[in-house]
Structures are given as C-alpha cells and as structure tokens.
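These notes concern the structure reproduced below.
The values are calculated or read from the model by the stated rules, or taken from the named source; none is laboratory data. All of these numbers come straight from a predicted model, not from anything done at the bench. Cβ: placed from backbone, ideal geometry, glycine included. Neighbour counts: every protein chain shown.
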Amino acid sequence: MNSVILVTVSRLLTGLLLVFSVFLLLRGHNLPGGGFAGGLVAASAFVLHALANGFPSARRLLGVPPRLLIGFGLAVAILGGVAGMLAGRPFLTGLWDKTPLPVIGKLGTPLLFDAGVYFTVFGVVCLIVFSLGEEGEED
Amino acid sequence: MGTLLVIILGAVFVAAALAPWLHRLCGDRTGLVLSAVPLAATGCFAAMIPRVMAGNAVVFHHAWVPSLGINLDFCVDGLSLLFLLLISAIGTFVTWYAAGYLAGKADLGKFYLYLFGFMGSMMGVVSADHLVLLFVFWELTSLTSYLLIGYYHNEPRSRAAALQALLVTGAGGLAMLAGIILLGRMAGTFEISALLRLDPATLVSQPGFPAILILILLGAFTKSAQFPFHFWLPNAMEAPAPVSAYLHSATMVKAGVFLLARLHPLLSASPLWLPIVAPVGAITMLVGALLALGQSDLKKILAYTTVGVLGTLTMLLGLGTELAVKAAMAYLLAHALYKAALFMTSGSIDHETGTRDPEALGGLRRAMPFTAAAALVAALSMAGLPFLLGFVSKEYFYKALLEAEGPGMLWEMLGLAASVVMVALAATAGFKPFWGALKPTPKPAHEAPWLMWLGPLLLGAASLKTGLFPGMVGDCLVGPATSAVLGGAGESVGLKLWHGWTAALALSVVTLLLGAALYGLLPRIRAARGICRVLGRFGPERGFELLLHGLLSFARWQTHLLQNGHLRNYVLTTVLFTVLLVGWMLPGIVSVPAWDTMVAPHVLTVIVCLLIMAGSVFACVSQSRFNAILAMGVVGLGVAMIFFMFSAPDLAMTQVLVETLALVLFVLAFYRLPSFGQYSGRAVRWRDAALAVVFGAVMATVVLVVQSSHAPDNAVSRFMGEHSLESANGRNVVNVILVDFRALDTLGEISVLAIAALGVFAMLRLRPRGARKETKP
Amino acid sequence: MELLLAVTIGTVYAAAFYLLLRRGLVKLVLGIALLSQAVNLLLFAAGGLREGAVPFIAADETTLAATGADPLPQALILTAIVISFGVLAFTLAMVHRADQSTGTDDLDDLKSTDAP
Amino acid sequence: MNAVTFAILTPLVAATLCMLTLRSGVAQRLFGVGGMAVLLLVAVRLMSEVADGSVLVVRFGDWPAPFGIVLVGDLLSGIMVLVSAIIGLAVAVYSLADIDARRERFGYYTFLHFMMLGVCGSFLTGDIFNMFVWFEVMLISSFVLMSLGGERPQMEGAVKYVTLNLISSSLFLAACGILYGQTGTLNMADLAVRSREYMRPELLTMTAMLFLVAFGLKAAMFPLFFWLPASYHTPPVAVSAVFAGLLTKVGVYALIRTFTLIFTNDVVFTHGLLLGLAGATMIAGVLGAMIQFDFRRLLSFHIVSQIGYMVLGLALFTPLAVAATVFYIFHHIVVKANLFLISGITARYGGTFDLKKLGGFYAALPLLALLFFIPAMSLGGIPPLSGFFAKFGIVKAGLAGDTVFGGWAVVLAVVALAVGLLTLFSMTKIWAEVFWKAPTEGHVPHGGAIPAGEKFLLFAPVAALAALTLAISFFPQYFFDFAARAAEQLLHPETYIKAVLEPVP
C-alpha cells in the first residue's frame, strides 16, 4: 500500500479534505452539508491517511485519542443546548447573534450544536475505523 | 375490643418476626418466652366470650386498598371465637411442645418464625370480615405451612410434600379467589357480614352463582383435604410433630371447614349445596377411615383419621340442619382437643423411642407415664367414651344423622362405619403403644421432657372437663358458633351429656362394641394394607402426579418447539407474524391503481431501480464475500441516486459518504471474517426464497398503499419552511431541522454513534480472558 | 413510478429477509445492512417524492416554496442513515468477536446457551 | 424549569463524563453511581411535579407543538422514570462489586448511562420519531452491554438479541414513516387527532399492527420473545438485572402509550389481538420457565410470562385493568431486577447458576434466603406481597364483565390465575433447589467467601429493593392510587392532548 504516490497524494488530500469538512460544517445551515457530512469528510481524511500510511501514523497525525474527540463533541453539543437553558428558555433553544458574518451567516448556538455533531461524528468514524483496522495488528 | 383483636394479631406477627433474634438470645427457651403471646391471646379471647354470647360481635374496620375494594375488616362472632380460642390455646401448647421436641436445633428460631406466622395468619382467616382479607390470610397459612412442612429441608421427601401441599391448596386457593371476586362483584361488597345480611335467595338465583359456589368449594375442599384432594395431608406428615399437631389437626385443615361454616347462610341457600357438600364429606369420611386402617405409622394413622373427621365435619355442614351444625361445632372442638394431643403424644413416642410403628411399640406406660395418661384420655375421647367431649359430640353427630333426610339409613350407616374405625384406631394410637409388654425400641424409651407432655395432658384434661360438663362449653362456645353459622337463626343453647335412652345412644354403644371388635381383628385386617396401597397408587395422588408430569412434558415440548436455539427460526417466526398481521389488513386497503393515473418513471430512475434490485439479489446469491460487498455498495449508491434524483441532496451526500465508509469497514472487517459457507441445503434455500418473496410482496404492497395517499395538510413542515430563515437563520431547511427544530433527535443520534464507536472499540479490544488474539489464520 | 418504487423496495426487503435466514454470520450482517436500505427507501417513498425541488430557501425568498420537497422526511432519513451506520459498524465488530470467541460462523453452532 | 429536561440531561452528562474519563477507574465509579443518584433525585422531583395529575410539557428548542419535539411528563412517565432510576442506582451500586475492572475501563458505566438516557427518553418523549431515536440509544447501549467482555455465551446471546431487535427497529422506523406520510405530523398528541381525521381506519389499523410487532418484540410478547431467553442469562449479572427490570418494560410502555393515545379506533380488533397474545405470552413464558434449571434463564422466561400480564391489563382496556397494569409494571421491575441481583449473589457463593448444583444457602446465608423469599413470593402472587395486588387487580378487571371482550376476558383471567400458580411453582423450585437442598460438592456456600466491602455492595441494593417491595406490599393503596390516576390520564387522553397542543402563551 505504501506507494510513494499514494502517500504524497494522501498528505495533500488529508489537508484538503479537512479544510473542506470545516467548510461543509459552516455552510451547512444554508446549503447541503452540516455537521454530519462535515464530520464524515473530516474522518475520511484520516481514514485515507491511515489506508495510505498505516494506522499508527494516522493516530499520530490526529494527536488526540478519537474517544476524547467523541466526548468533546458530545460536550460541545450539550453546551450548545444548555446555553438556551441559561437564558431561561428550554433546552436546545437557539440563541442568535444579531449581526451576520460573511459565508457563515449569523452566529448562534445551533451552530455550536452542529460543531458538536461534527466532532462527535469525526471521532466516531476515526475510532471505528482505527479499531477495526488495528484489530489483530498490534498489542 | 376490635382494636384489641388487631393488637393481638399484630403481636403474634411481631413475635414471629422477633423469633430468630430471640432464639439467638434465649436458645432453647425461646418457645417458653414466645408462648406468652398465645397464652395472653387465649386470655383476651376468653374475655370476649361474654360479649359474643350476648350476640355482640367484636368488630374492627380500617381502609387498606380502597382502590381495589380491600379493607382491613375484622369481626369476631361465635364461630370466629371458637376457632380463635382453639388456635391460641393449642398454639400455646404446641409452642411448648416444640421447645422440647426441637430442642437444640439450629433452625428453631426460623421454626418459630414460621409457626407464629402461621398462627397469626390462621387467626386472621377466622376473624376476617372481608373476603379478600380472608384470602390474604388463607394464602399465608398455605405459605407458612409450606415452610413448616419442609422443615427438614435437606430431605427430598419433605420438600416434595411441602410443594405438594402448597400446589394443591394453592390451586384451590386460586379457584377460591376467582369465586370471591365474582361473588364480590355480584353482591357489590366483599364484606362478609354485609354479604350475609343480603337476601341469599336473590343472590343464589343469579345465573353465575353455581360457578361461584363451585369455585369457593374448591378452595375449601383442597384446604380441608376433602376427597379427591385429600392426599397432600398424609404426605405432609413429613413435618415435625408439633407442626402436624397444630396444622394438621386443629387449625389449618379446619380452615376449609371454617369457610364452609362462615359462608353457610349464603351458600347453603343454593340447591347445589346439599348434593355437593354432603356426599363429598361422606366420601372423604369413608376414604379417610378406610385408608387409616391400612397404615403402619402412628402419624399416618392420625393423618388419615383427620381426613375422615374433616369429611365428617363437611358432611354435617352439608346437611346443614341446626342439629347438624351444632354437632359439627361440637365435633370440631372435640376433635381439635383430642387430635392435637394424640399428634403430640405420638410425636413424643417417636422422639423418645425412635419409631412410630404401632406394631413395634408396647408397654411404654411405665417409661412414659404422663405421655401415656395424656394419650389415653385423648384416645378415649376419640373413641367417644362417656364423660369425654368426644362422646357428647358423637351423640349429636348421630342425632343429626338420624334427623337428616336421605335415602334409607344411608347417613346413619356411613357415620356408624366411620365411627367404628375411629374407635379401633383410637385404641391403636392411644392405647396400644403404652399397654402390654414392653417392646424393645431403637432408642431406649424414657419420658419426654415436661414441655412435651404438659400440653397433651392439659388438652386431655380439657376433653374430660368439657365432657363432664358440656353445658358450659356449649353455652360459651358451641352455641354461639352454631348460631353464627346459621346466620343468627339458631338458639344458643348448650350441650347435654345425657339425652336419655335414645337411638343415638344406642348407636354409640354399638359403635364402641364394633370398634372394640375391629381393634381385635386389626392384625388380620392389616392384610388389607395391600389394597390400601393399590388405592394409593391409582388414586387421586397418582392423578396429581400424572397431571404435573404431563404439564412438565408439555412445557418441555412447547419450549423445544418455540425456543429451539435457531436464530433463523426466530427471524422466520417474527417476520411471518408481521406478514400475517399486516397482510391480514392489506386486502381491505389496497386498491389497484389505474395505469393511466400513474406517473411514468424517468429512464434514469428505472435504471437505478434495476441496479438496486440486481444488487440486492446478487448479494443473496453471490458465492464470494467480496462480490457481495460490492453488490451492497451498488445498492447503497443506487439509493443515494434515488435521493439525489428526488430533491434530497443532503441525503445523497450523506448516503455516499456513509456507503463509502461502510465499504471500508466491510473490507477491513472481512479481512478477518470467514468466507461464505453454504450451510443450508437447496430445499431450505428455495423455501426461504419463497418466503422472502412473500414478505417482499407484502412490503411492496404496503409501499404502494402508503404512496397512494398522503396527508392533505403538511402543516408541520410548512411551519418549518416558514420559520427556517426567519427564526432559525438557515436556508437549508433539512439542516435547520437537524440542529434546531428536531435537535433532540440529533442529540440522540450522535449518542447512538458515540455508543456504537465505543462499543466497537470495546468489542475489539476487550478480549475474553484466555482467548488467543487471532484464532483465524 | 409508484409501482416501480414499490417493487424495488419489496425486492430489497425480500433480499434482506433471505439473507437474515441464512446460517452464516456474514450473511446476517449483509441482511441487516440491506434491511436498513429498504427502510430508508420506504421512508422516502412514504414521505412523498418530488423531483427538482430541493428543500432550500432560495436566496430571494424568506420561506420555503410550497412546491418544494418536504424537508422533514429527509431529516428523518438522514438520522436513520447515520444510526444504521453506527449499528452496522457495531454489528460488524460483534460478528467479528463472535467468530473469534466461538470459532465458528455457523449460527447452528451458536446455540449452546439457548439449546432446548 | 421542570425536571423533565433534567431526566434526559443527567444520564447524558453522566455518560459524557464517563466517556471523557475512561482511563480512571475511580472517576468511572464516581460518575457511574453519582450520576444514577442524581437521576434518582431528578426522578423524585419529576414525580412530585406530576403527582397532582398535571401534564408537564417541555417544548425543546422553544418551538410550539407539534412543530418541534416535545417531552411530556405525565403520571405514567413519572412512575416509569422513577422506578427506572431506582433500578439504575441499585444496579450501579451492585456493579461496583460485580463488574470487573476491564469492563469498567472499556466504558461499562458510559453504556449504562446511555442506556438510562434511552430509557428515560423513551418514557418522556411526546414524539413518535423521537421515541424511535431513544429506542435506538437504548438498544445500541444494550447491545454493547450484552456483549461487553466477548465471552462465548455472551456472543451467542448477543447475535440473536441484536438481529431480532434490529428487525423490530426497522419495522418501528417504517411505521413512523408511514404515519408521517399519512398525517404530516410526528407529535403523538397531534397524531392522536390527525390519524382519525386523515387516515382510513384500516390503514391506521395496519400501521398499528406494525407498531404492535415492533413494540411487541421489544416487550418480548408471544411469538416475538425468542431473543430474551436466548440472551438475558449470558452477560454479567448487573447487566441482566437492569435489562430484566427495564428493557422489556420500555416496549410495554410504548404499547401502552400508543394503544391508549393513537390506536384506539378499533379496540375490539387491536386490543382483542393483544388480549389473545397476552394469554399466549403468559402461558408460553411460564411453561418455558417450569423446565429450566439455570437460575437466570428461569427468571428470563418468567419475564416473558409476566409481560403477558401487563399486556393483558392494557388489552382489557378498563380503568381498573390499566391501573393494574401500571401497578404491575412498577412492582415487577423492582422484584424482577432484585431476583436477578440475588441470582448473582448465589452464583458468587456457589460458583454456578445451575440450580441442580447450587444448594445449602438456607443454612449458610439465612439473610439471603429472606431477601430472596420476599421478591420470589411476591412474584408468585402470595398475598399480601405486591405481586398479589397486581395480579388481583388484573384478574378482578378480567372478571368484572365491563370489557368489550365478554367471555374472553373471563377466560384470560382464569389463565392469569393458573399461570400464577405455575409461577409460584417455579419460585418454590428455586427456593427448594438453591436454599433448602443440601449443598452439592464443590458448590458449598460459605458466608465468608466474599470480602465484607463487596458483600455490602452486593447486599445493599438487594435489601433496598426488598424493602421497597415490602413498602409496596403493606401500603399498596399509596402506589395503586398513583397507578389508578395514571390509568385515568391514559384512558382520557384529552388532557394530554390539550396540554401538548395548547398554544404557548
């Protein structure tokens, strides 16, 4: 698998896919995309890297254990929901900033929630693929 | 005084709960300490006599579960009081007796727990004024007796006997519960005294009444060991002697008789009462007497004679005349006094000599003088000799029979036959072991400790005193009880020792003479034991066992059929059940759409659909894992195409991503998975294919049906479309739904993903102990 | 159109059921995967199909056009797709572990705890 | 801010915390048990809020119903959440001594909390698709809990458990889609209204059949129960216990909710079907139990049998019957979970779940004998223990003659009584084999075999649940009153519908 071309291409692609995944997440509120798609693409970046360079390399590149990524994502999503409660409204109520930003549009807690989804999905796919891929290979 | 009653009940249960703890504290003296409770209770109940004699019942009412119509209603009238006194007084003696009989046993604390639990329950049964409350206590007596019969729990025979008693009485109890509920519904109340105040004729004439009668009788008959349910009682002799003395003579088995008496005013109004109850009682009386003759174990003899007496009592209540009821009450009292004593003395014999075979016993009177005295008095009462209560009760018994209507001399002859046997067996139980030459026994005989003969002696004294002066006990107990059974109709006059030269007296004399003769013949009649054994083998007990075994076999067959361990059969059942339920409804709703109303599909759609179908079928038939996975990918991408073509770009995108990842997963996992095995045979495969087609057809029809009509108004999604931008600042409505309108779904969904991922991680990394890392090459 | 879709979905259901009735563990997983595809399609069909009407609010509009596709079933299916992905991943891992722990992939050998 | 939201948030946060601290055993146990304790407090608070009969509605995202997702707390939900939290806490404490460190480090408590999330979510949601999502949360956590450890018996059970439950889920999902397509709504209160207006009765009934299969499988109804006896006796005891207590009851809850709120257009058919299935479930389960000699497998078959009683109460569809069902569920969850916990203790001492090999516990551990006797006899329906009142209510309702099923209700009541006797038979079998019988060689229980600390952790939950059983037994009115009022709410869903759909002020 460790062909030079694939390694090089995967390096390039990994970065590109990661940027694209963030783009998907951010524009998801207005165009196709969103946290799911973004998270899946982000994870694919690492899956691709793993297939090209091996799982240990992908793990090193990721830096954090995938399960922490999942926990982080869940925590962010919960925070995005709790924010509404702090404002005295029900759980998961969207709070919005008044002024819109370019590309993203307005900032609001649903976006935070979507980011939580992104990180969760990201971590989930990484964890699943890494676990399956490394099964029987190490320890 | 109603409160006093409840306090007594409570005290008995508290004593029960404290017993194990007390046993740790006092050891073998536990019984003596505890016996203060029933002793005090006896005093309290005695104090209630004047009030009850005056016709004022002691009552207590308290709501318990009003939603279900269950209340804590108690009422002590003459009938209850008679029983309460028996329960508490004999309970006291039994407590003493057990202290001697079971001295040094580690389980003594638990024994008293059960014994007092039983005592309290039994008091509850006879004082409850509420049918359901009565049932509650009724079942508690079954349960506590289960624990008491199984006292020698290491013995399989004990456990089996306990279970049998529980099942038989439990089954009857449940029938009775159904009867109670139906009766309560019919009468509009569960309160017994209120029930008995209603006009019985109106209730009895209702169409459902015969069923109620039979259900309640089933409860009473099983509990009181009536034929054909009698067999559990002799088997219950596995219990220690104090238990038999208490439960199987004086108290628990009488609960059924009590119930018959309690509901007598109502139930006996039914035309079915006499033809059912009296014959059942008579048959039981004869069966009990006959089987008792064939026994070679003192306890078994006593047990079968108890069955006989229970039959007698039932028969008398079945006859239902005033005289019969009075005879029943007197007989019940007399029997309780002498039978409890005899059970205890036979227990003492067993305890001190190591055997209960009357043939192996003799001449114990010197070694065991007090026991012998007590046994003799009790046996004389059982035989019905004058100056003992047994005589008085037998007189009334004969009088009632003479008076009863019936074909010819049937009742009299039956009663005579049973009584004759009683005389002979009384001699066997109370006379034979003590008189004659001393026979060597497994243990050298000596007198039992005083705790074990005091009770029987006092009981004997009671038989004697009440026999000599029956008037008093008649006025205080038997009279009020009779009056209560008859619904206040009977006069509460006492009993008389001397009735003059009557036919009953003549029968008594004949009974004694024939009984003595029978006793003489007993050794020869023992030859008939074989017949008894044959009867035992093919009798109702055999039926019970067959029923139980049959049920177990059926259960085994059924479970093997259903829970057969094959997942595919489970899947098959599940899906076929679905097909059945859904398919059942389909013909009513499916309408064949006209071709011309249908939209013609786009060519591309047709191609994609064909791809999906081809992929699905190929996944089924492919012999190679890899091709099957590719086929799955084709299906997944086809579905993505459908999403894309029908305005769902988000879905299409996610589907493509997910399918790609799934493909990666499949490939990663299938590296390590076995290749396809062809396990099923051709016939099975074709059968499955046929079933699959049926299922597919049903689902296709469902799809057709649900496509043919849609909600006329989609207010919900319209609302989302209207508010997506304005209130949620998003143009992609699908995404806004996911993160705002229905964000909770998404929260649950990422939870699912998180669990799944962590699950995969745990599944793969957490290997079972001892498993090798890779077992596959 | 309706008929074509119905037949397609029916076929996927039938295939899924057929695979679930096989004795091999691997085919069981394939069956489970196919089943979720069938359900997603059924959901899509039950929600009503629209061509060329994506559920986005056009740049010059403030509300979704009434003729647009219903976005709600799409959101439901999206949730379902993602859930079935998680379930599928777990099922794969489980089957792998089952195969390892029991040393067989024949379901008929997997009844030692459920034998009659 | 009412407790409904927190009933969801507590397990979710606890699970997340557990997930973030997987490496630390102390943190796992702390968040594991602490989270359950907080959940219990929340549940008590929730119960106190709904006790007066009010229906609490939380509109998530602040969207008015039926447009967003609502969670609804009524008496039934409150009762279910409360009893779940009780079992959750009991099992979490028990797990401290029962679950090995490896399972702990691989997320046992995380999965436990996620399962509670799914369970509480299912009880509280007022949205049919949201219920599907919570079902999935509950299921996938239970899949993992079932197979966590990967032992051979576990995997054999898990494969069947997972496959059959996934079939049920797919039917559930399909049925949700059909309902939405036909009515344009997913909110259950709204569905109750619109399904009548928009759907042909036959189509509604057909959809009801799909739900019946989907929920019936989760509830382990005849003939959909196979997964339960195949798997419940395989995972660690703590897992069996929480499954036995809660999972099937979520299926029963879903049946009760939907067949009182939505699918009541053809009661004679739908509930008549339930009536027949209830009878078959009772019988098939108890017969299966009679021949078992594995402690937990016997109990598992009894779950099936008792599900029959609960469904019977629903099917009879009278106020008394439904009240009895609610009471039955509450009683049953406490008792059944406890019996499983006890089976674990006897297995710890005796080294096996095989009844034939166990023995001698009566003499060796009299306290355990007492603790077993209470729930066992309660299950056997011995008065005045809680099971008696539950059974009494259902039988009384069956015999009351005010159902639409006439003689069939009576037949089913008789079946219920007979099955009760056979249940008692099985319970006495365990009693006789495990407690009364002399110990067999190699399995002699010895009181000192477990360290004192662990012993406390094992016995405390068992004793607490037994005490709760006694409380229900001696003060049944208190509990039955709640059940009766819950039934009242269920049979008159107007209040529920009005509370959910009324416009936000």
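Restricting attention to segment D:406-428, the residues that are in contact (Cβ under 8 Å) with a residue 24 or more places away in the chain, of a type in the set (Gly, Ala, Ser) and either within 10 Å of chain B (Cβ to nearest Cβ) or farther than 23 Å from B:Gly208 by Cβ (or both) add up to 3. Considering segment D:232-281, the residues that are surrounded by 24 or more Cβ atoms within 10 Å (Cβ to Cβ), of a type in the set (Ser, Thr, Tyr) and within 14 Å of another protein chain (Cβ to nearest Cβ) include one that is farthest from the chain's Cα centre (by Cα), namely D:Thr234. With respect to the conditions (1) under 20 Å from B:Asp745 (Cα atoms); (2) buried (at least 24 other Cβ atoms within 10 Å of the Cβ); (3) not acidic (Asp, Glu), D:Met80 lacks only one, and its number is (1). The helices (runs of 4 or more DSSP H) located wholly in segment D:173-231 that include 3 or more residues which are surrounded by 24 or more Cβ atoms within 10 Å (Cβ to Cβ) and free of Cβ contacts under 8 Å to residues at least 60 places away in the same chain occupy D:201-219. The residues listed here are C:Ala58, C:Ala65, C:Ala69; of these, the one that is buried (at least 24 other Cβ atoms within 10 Å of the Cβ) and not acidic (Asp, Glu) is C:Ala69.
Counting the residues of segment C:13-65 that are small (Gly, Ala, Ser) and without any contact (Cβ under 8 Å) to a residue 24 or more places away in the chain gives 9. The one condition from (1) buried (at least 24 other Cβ atoms within 10 Å of the Cβ); (2) farther than 26 Å from D:Phe132 by Cβ that D:Gln292 does not meet is (1). B:Ile755 passes every criterion in (1) more than 7 Å from every other protein chain (Cβ to nearest Cβ); (2) farther than 30 Å from D:Leu203 by Cβ; (3) in a helix (DSSP H, G or I); (4) under 55 Å from the mean Cα position of the chain (by Cα) apart from (1).
Conditions tested, residue by residue: (1) facing chain B (nearest Cβ under 7 Å); (2) at negative phi; (3) assigned to a helix (DSSP H, G or I).
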| site | (1), (2), (3) |
| --- | --- |
| C:Ala33 | yes, yes, yes |
| C:Ser36 | no, yes, yes |
| C:Leu41 | yes, yes, yes |
| C:Ala46 | yes, yes, yes |
| C:Ala65 | no, yes, no |
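Here D:Leu339 clears all of (1) over 24 Å from the mean Cα position of the chain (by Cα); (2) part of a helix (DSSP H, G or I) except the condition numbered (1).
If you go through segment B:550-592 and keep only what is outside any helix (DSSP H, G or I) and within 16 Å of D:Val286 (Cβ to Cβ), you end up with just B:Gln563.
Quick grid of which residues meet (1) surrounded by fewer than 24 Cβ atoms within 10 Å (Cβ to Cβ); (2) among the hydrophobic types (A, V, I, L, M, F, W, C); (3) over 30 Å from B:Arg159 (Cβ atoms); (4) in contact with a Phe, Trp or Tyr (Cβ under 6 Å, 6 or more places away or on another chain):
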residue: B:Gln226; (1), (2), (3), (4): no, no, no, no
residue: B:Glu238; (1), (2), (3), (4): yes, no, no, no
residue: B:Pro242; (1), (2), (3), (4): no, no, no, yes
residue: B:Tyr246; (1), (2), (3), (4): no, no, no, no
residue: B:Val257; (1), (2), (3), (4): no, yes, no, no
residue: B:Pro279; (1), (2), (3), (4): yes, no, yes, no
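In segment C:69-105, the residue that is modelled with the highest pLDDT out of those that are at the interface with another protein chain (Cβ under 7 Å from one of its Cβ atoms) and in a loop (DSSP other than H, G, I, E, B) is C:Asp70. Restricting B:Leu604, B:Leu637, B:Leu630, B:Leu610 to residues that are facing chain C (nearest Cβ under 10 Å) and either crowded, with 22+ Cβ neighbours inside 10 Å or modelled with pLDDT of 85 or more (or both) narrows the list to B:Leu610. The set of residues from segment B:435-494 being closer than 23 Å to B:Leu364 by Cα and of a type in the set (Ser, Thr, Tyr) comprises B:Thr441, B:Ser463.
For segment B:655-675, the candidate set comprises residues that are in contact with a Gly (Cβ under 9 Å, 6 or more places away or on another chain) and over 24 Å from C:Leu25 (Cβ atoms); within that set, the residue that is nearest to the other protein chains (Cβ to nearest Cβ) is B:Gln655. Within segment B:676-710, the set of residues being in a loop (DSSP other than H, G, I, E, B) and facing chain C (nearest Cβ under 7 Å) comprises B:Phe676, B:Gly677, B:Tyr679, B:Ser680, B:His710. Identify the residue in segment D:10-26 that is surrounded by fewer than 22 Cβ atoms within 10 Å (Cβ to Cβ) and modelled with pLDDT under 95 and, among all such residues, is farthest from the other protein chains (Cβ to nearest Cβ). Checking each candidate, the answer is D:Val26.
May I ask you to verify whether A:Phe113 is within 11 Å of chain D (Cβ to nearest Cβ), closer than 19 Å to D:Phe114 by Cβ and in a helix (DSSP H, G or I)? In short, yes.
In segment D:74-168, counting only helices (runs of 4 or more DSSP H) that sit wholly within it, the ones holding 1 or more residues that are at the interface with another protein chain (Cβ under 7 Å from one of its Cβ atoms) and of a type outside the set (Phe, Trp, Tyr) span D:101-105, D:108-124, D:128-147. A single member of D:Lys249, D:Lys356 is in contact (Cβ under 8 Å) with a residue 24 or more places away in the chain, out of contact with any Leu (no Cβ under 7 Å at 6 or more places or on another chain) and not in a helix (DSSP H, G or I), and it is D:Lys356. Residues in segment B:182-224 that are of a type in the set (A, V, I, L, M, F, W, C) and assigned to a loop (DSSP other than H, G, I, E, B) were compared, and the one that is farthest from B:His153 (Cα to Cα) is B:Leu198.
When A:Ser57, A:Ser44 are checked against the criterion of being within 19 Å of the chain's Cα centre (by Cα) and surrounded by fewer than 21 Cβ atoms within 10 Å (Cβ to Cβ), a single residue qualifies: A:Ser57. Here the helices (runs of 4 or more DSSP H) wholly within segment B:9-122 that include at least 3 residues being of a type in the set (A, V, I, L, M) and under 29 Å from the mean Cα position of the chain (by Cα) are B:78-101. The set of residues in segment B:149-162 that are closer than 17 Å to D:Val434 by Cα and surrounded by fewer than 24 Cβ atoms within 10 Å (Cβ to Cβ) comprises B:Tyr151, B:Tyr152, B:His153, B:Asn154, B:Glu155, B:Pro156, B:Arg157, B:Ser158, B:Arg159, B:Ala160. Comparison of B:Leu68, B:Leu85, B:Leu81, B:Leu115 shows that the only residue that is away from chain D (no Cβ under 12 Å) and more than 30 Å from B:Asp475 (Cα to Cα) is B:Leu115.
Quick one: which residue in B:Met344, B:Met368 is more than 32 Å from the chain's Cα centre (by Cα), assigned by TED's automatic domain parsing to the domain that holds B:Pro444 and buried (at least 22 other Cβ atoms within 10 Å of the Cβ)? So the residue among B:Met344, B:Met368 that is more than 32 Å from the chain's Cα centre (by Cα), assigned by TED's automatic domain parsing to the domain that holds B:Pro444 and buried (at least 22 other Cβ atoms within 10 Å of the Cβ) is B:Met368.
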